[in-house]
Amino acid sequence: MEDFLNVFIKSAFVENLVLSYFLGMCSYLAVSKSVKTAMGLGLAVIFVLGITVPINWLINHYLLSEGGLLGMDLTFLRFILFIAVIASMVQLVEMVIEKMSPALYNSLGIFLPLITVNCAILGASLFMISREYNFSESVAFGLGGGFGWFLAIIAIAAIREKLKYSNIPAPLRGLGIAFIITGLMGMAFMGLMGIDPAIFFSGK
Amino acid sequence: MSEIKESKKALFPMTKKERKLLFDPLNDNNPVTVQVLGICSALAVTSMLLPSIVMAIAVTFVVAFSNLAISLLRNYIPKQVRMIVQLVVIAFLVTIVELTLKAYSYPVYKQLSVFIGLIITNCIVMGRLEAFAMANKPWQSFLDGIGNGLGYGVILIIISFIRELFGRGTLLSGTPIEMKIIGASSDFWIDTTTNPYFGWYVNNNLMVLPAAALFIMGLIIWYQRSKNEKLIGIS
């Protein structure tokens with residue numbers, strides 16, 4: 001349990017996918033015009049990440065690695081299988097959102113199918129491999145990474161809603177200032193890089 | 001004589017609409033600064049000029065031909081599995097690029113191997129497939145792909161030019177024509193015989209960080225929109 005919380009906090013705050021690694025920028029910048037839409041996309045990303053990272057862990061561990069069921073080293077198939085899992089999950093999410101909330105479906109527009117190619121999703125699966133997480137840690141990493149992405153997009157959406165009323169030069173309004181603010185937020189997040197959350201839980 | 005002239009003209013029959021498809025993405029409908037696609041790779045690749053140029057060429061190739069292929073197939077793809085079909089086409093083309101680079105230019109391949117894989121998750125490719133190729137004819141889709149690839153390349157090259165020049169003091173490092181323009185006090189020993197102005201500049205390490213790409217992109221958008229007023233107010 002300690003490990004679970006540890007990985008969750010670390011992936012949500014210290015190693016935030018957007019603000020520390022700058023992954024998943026396209027939809028992050030394009031869908032952050034209002035908090036409501038941002039929340040919808042953020043929840044979709046939490047769902048997709050929380051499911052695909054454990055599934056990809058199972059695929060990698062039981063099918064692709066040398067000690068798996070097939071007994072062969074098939075890690076060169078990693079990209080294609082991971083992307084296929086992600087694409088089918090996103091397709092599922094798309095169908096669910098289209099049925100449940102057509103208004104949200106329309107406001108997300110093209111960026112809903114583009115979750116498939118959101119670098120944060122594939123990036124998280126690859127981080128999961130390179131950091132050698134076990135199954136419960138990869139569940140925590142998927143959920144935590146998604147939660148961090150959710151927080152980051154809500155934060156920038158809230159800032160952009162306030163910015164509507166501030167006195168910015170007209171050509172810089174909207175996208176331009178969003179880029180600059182993301183850069184500043186990323187520089188602030190670099191300060192968290194060295195923190196080890198294990199200290200908070202082990203009580204040392 | 002007049003017949004020859006006419007046949008020459010007919011070799012590239014570009015209507016006004018087709019020209020618009022090809023050149024609009026360079027400015028008015030730029031994939032990066034207006035449509036907000038392909039930002040991740042623009043942050044990852046642009047710390048140096050050479051990877052950006054190779055990346056721009058590779059992405060143009062992949063977008064153009066995946067647009068063409070999906071546009072040819074568009075009436076046969078069921079809506080429920082379209083993303084998987086699109087990804088298979090993209091992954092196939094990216095593999096071609098990867099193997100070509102590996103065969104003909106191994107040093108560049110070694111430097112770029114990770115970034116080439118990143119083309120699969122470059123949202124420009126899938127964005128154009130979803131937004132254009134699924135609903136338009138093959139030739140138009142092909143032109144749209146080339147235009148968007150070039151529009152992406154222009155932004156990439158501007159950003160990486162600034163980042164490499166001020167972050168490392170060089171241009172095109174890694175190629176035979178590497179230029180040490182203003183130089184750096186820490187990375188290189190000062191060689192005033194080749195360039196008397198070299199060596200006075202202290203590298204700005206901020207420019208190497210991804211955050212710098214965000215700042216430069218913001219400034220490019222500012223400049224572009226102040227020159228092109230009909231873009232003000234988009235997103």
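The values are calculated or read from the model by the stated rules, or taken from the named source; none is laboratory data. From a predicted model like this one, the values you see are computed outputs, not experimental measurements. Neighbour counts are summed over all protein chains in view; Cβ atoms, including those assigned to glycine, are modelled from backbone coordinates with ideal geometry. The area values use the complete protein model at the heavy-atom level, side chains included, leaving out ligands, DNA and RNA. Shrake-Rupley method; radii C 1.70, N 1.55, O 1.52, S 1.80 Å.
Brief remarks follow.
- Filtered residues of the stretch B:133-147 (kept if crowded, with 20+ Cβ neighbours inside 10 Å and either in contact with a strand residue (DSSP E or B) (Cβ under 9 Å, 6 or more places away or on another chain) or within 14 Å of chain A (Cβ to nearest Cβ) (or both)): B:Ala133
- Under the condition of being away from chain B (no Cβ under 13 Å) and assigned to a helix (DSSP H, G or I), the residues counted in the stretch A:164-183 number 0.
- Within the stretch B:86-124, considering residues that are out of contact with any helix residue (DSSP H, G or I) (no Cβ under 7 Å at 6 or more places or on another chain) and within 13 Å of chain A (Cβ to nearest Cβ), the one surrounded by the fewest Cβ atoms within 10 Å (Cβ to Cβ): B:Val114
- Matching option when the condition is out of contact with any strand residue (DSSP E or B) (no Cβ under 7 Å at 6 or more places or on another chain), within 14 Å of another protein chain (Cβ to nearest Cβ), small (Gly, Ala, Ser) and part of a helix (DSSP H, G or I), among A:Ala12, A:Ala38: A:Ala38
- Of the listed requirements (1) farther than 25 Å from B:Glu18 by Cβ; (2) surrounded by fewer than 20 Cβ atoms within 10 Å (Cβ to Cβ); (3) within 13 Å of chain A (Cβ to nearest Cβ), B:Ile77 misses just one: (1).
- Being in contact (Cβ under 8 Å) with a residue 24 or more places away in the chain, under 18 Å from the mean Cα position of the chain (by Cα), away from chain B (no Cβ under 13 Å) and open to solvent by less than 10 Å² (accessible area, probe 1.4 Å) is a description that does not apply to A:Gly186.
- Qualifying residue in the stretch A:53-62 (condition: within 30 Å of B:Pro31 (Cα to Cα), at pLDDT 85 or above and more than 14 Å from every other protein chain (Cβ to nearest Cβ)): yes
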